[in-house]
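Engineer: What follows is a single structure, and I will ask about it in a moment.
Each reported figure results from applying straightforward, stated rules to the coordinates on display, with no laboratory input. These numbers come from a predicted model, not from an experiment. Please note: Cβ atoms are built from the backbone with ideal geometry, for glycine as well, and neighbour counts cover all protein chains shown.
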């Protein structure tokens, strides 16, 4: 079973198209799946957009009227998938953005690596001239933090060039180990890039095998401007990397 997990806030213009594309992928790719969407107190028509899809595909919408932030939304999705799984060694979570930058057509590639033995599959975004200028600046700055001394000693994860993106696959047995450690800690609401790097450090620490795969995001179908800001994200990533430096993962990464 694959649990496709989508944290969403005010993504009415893209989340429906994304669900339609996910459904199309699994119509051609025989694999049992369920989509879990955490609607983080959207104030647009996200809920109305999601409603009809529940009739034509396995879809569960989570969330409340109180905004919890990206990191806690992801945590809630991981917990929901963990509660549903019967076979945590065989099942996996796939985290994606609801703004359509992450392409459902890449799912078979992630699953192939999972079936080959990877516990954690990280997508590393290929950034070309089609990416908005703000995204190019932000990702360039974050990747420099990942490699520059002294930041690489507490921000970077050995072998992973881009731990800041959302699109990744995680074996549910590893999610279960992660959630055990979170029984005595609190998930902190931080900017998306910092939250993704946090999660990557935690997951890599519990994974026996990590693989990376380079994929091209889709920038031109997102209907809204990016919510990320280069310097704010970089500062947040550096602060969270320092605060969680004890979670630095060992090098178990295969890059492809």
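Engineer: Kirkwood hydrodynamic radius (Cα pairs, Å) of region 1-132? Could the numbers behind the result be given before it?
Structural biologist: Numbers: mean 1/r = 0.0650 Å⁻¹.
For region 1-132, the Kirkwood estimate is 15.4 Å.
Engineer: Kindly put 114, 120 in sequence by how many other C-beta atoms sit within 10 Å of each C-beta, fewest to most.
Structural biologist: Values: 114 22, 120 29.
Ranked by crowding around the Cβ, least crowded first: 114, 120.
Engineer: Please compute the contact order of region 1-113 in relative form: average sequence separation of alpha-carbon pairs under 8 Å and at least six residues apart, divided by the residue count, as a percent. Present the calculation step by step, with values, prior to reporting the outcome.
Structural biologist: Working: 172 pairs, mean separation 46.5, N = 113.
Normalised by residue count, the contact order of region 1-113 is 41 percent.
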